Amino acid sequence: MSSVSPKKCQVVQVCVQDNKLVNDFDVYIDHEATFAGAQLFFQKSRWANPYDPLVGGQEAASVEEMEKACELYKTHLLETKRHVLHELRGRKLGCFCDPSRRGCHGQVLAKMVNELPFQDLRANVLFMPGQRQADYCIQPTYFKGRRSPLSNFYPSTVEYQEESFKTVAHAFAYAILQHLGLPDTAQWAKDRLDAYSAHKVMVTMTELADNKTEGLSSPQQIVLMKQLLDDKWNRYAIFQEAAELADDQHVVHAIGSRYWGAGVDLAEVDPKQDPFELPGRNLLGWIIKYITFERRHWKTLWNYHVTELQKAVSTPGGPWEGNAYAQGMLIVDKALQGAAEKKQKKKQNKKKKNKWQQHQEQQEAGWGEMI
């Protein structure tokens, strides 16, 4: 299995000429700056060097002063931002100083990012059957309950159908009950003070519902869950950080459910266990992983995992045949990729319809002029 190397983080100089931004970059890393003519305003970045001698009003600084500031900046990064450096992997960093000169804090930052240990994600997430996760020094991130930012029970307001909900669990219960044709019960679940109560009523009513009642299918539930978690991601940095900190590791929902969870309670988890030996599909964990890969623009690697897993699971008599944990990833991918394709197709059809309407209007206008 060949190694996958990350794109290098690099620094580009921010230049404004003729009231236009010349260089493109992904992340601004300097202090506050305003260009009135170009109507450009740069807010102070969290990656700015707090020890930059030019920020305090000093008009010029020697190379020695700038290098000293960079040494302090490096210590600052190690003490306060070491856990989030990986966010800059493969990014272009925008800085006003010339990155080729000595004393540029952007070069210090890029060097630290590029020196981060990068393990082959394909080996990490998709090690082959029979190889223990300990062989790759992977410790899965297990989560459960309202104290974990990854959990749906964690207090975090989200929106669904232009209404606000206390947690993802509240919103999900409301949506499921609405689709079961139980609007009063859905409202009751929405008004519950704690997420567990909302979840419990959803489970109970789903079990009691008539089999003829049309509710959300499994793929629709997965798409709905991703929609709610996307909203949570956009609103809460703590959720982003928890997902990002998992980095190249598995994210495992450690509850007894074999559908949304891994089929093992957090209290019974063996840290040394191979995640692929877990009995549950871990759908919630895989959706969180999907979102993390999507936000990092690592969909190519995700697709690689899916392709290899599909081969392994579909091999008759193979060690992964019928593996529930592996199937969880495939189920999530199929549902979300299918939804994305439908959305894209709908967008294309709408575009074609608009073009056709414009064509009709132009023809009618032309006939009107002829008459």
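When each of Ile291, Ile222 is scored by the number of other beta-carbon atoms lying within 10 Å, the sequence from fewest to most is Ile291, Ile222. Mind scanning Lys144/Lys342; Lys299/Lys342; Lys20/Lys68; Lys92/Lys232; Lys8/Lys44 and naming the pairs with a C-alpha gap bigger than 29 Å? Lys144/Lys342; Lys20/Lys68, as the Cα separations exceed 29 Å there. Shape index of the stretch 174-213: Rg/Rh, with Rg the Cα radius of gyration and Rh the Kirkwood radius from the inverse mean 1/r over Cα pairs, equals 0.95.
Using bins 5 angstrom wide from zero, how does P(r) for the stretch 10-114 break down, in % of all Cα pairs? P(r) for the stretch 10-114, in whole percents per bin: 2, 12, 23, 25, 20, 12, 5, 1, 0.
This ranking places Leu229, Leu77 by how few other beta-carbon atoms lie within 10 Å of each, fewest first, which gives Leu77, Leu229.
Across the stretch 227-323, how large is the tail of the calculated P(r) beyond 18 Å, expressed as a percent of all Cα pairs? That fraction is 54 percent. The order of Lys190, Lys289, going from fewest to most other C-beta atoms within 10 Å of their C-beta, is Lys190, Lys289. Rounded to the nearest angstrom and listed largest first, the equivalent-ellipsoid semi-axes of the stretch 152-241 from its Cα gyration tensor are 22, 14, 10. One quarter of the convex hull surface built on the alpha carbon atoms of the stretch 121-343 amounts to 12.6 nm², the projected area averaged over directions. Taking every alpha-carbon pair within the stretch 271-318, the share separated by more than 11 Å comes to 74 percent.
Read-outs: derived from the displayed coordinates by stated rules, not from any lab. No experiment lies behind these values; they were computed from the predicted model shown. Ideal geometry is used to build each Cβ from the backbone, glycine not excepted, and the neighbour counts take in all protein chains shown.
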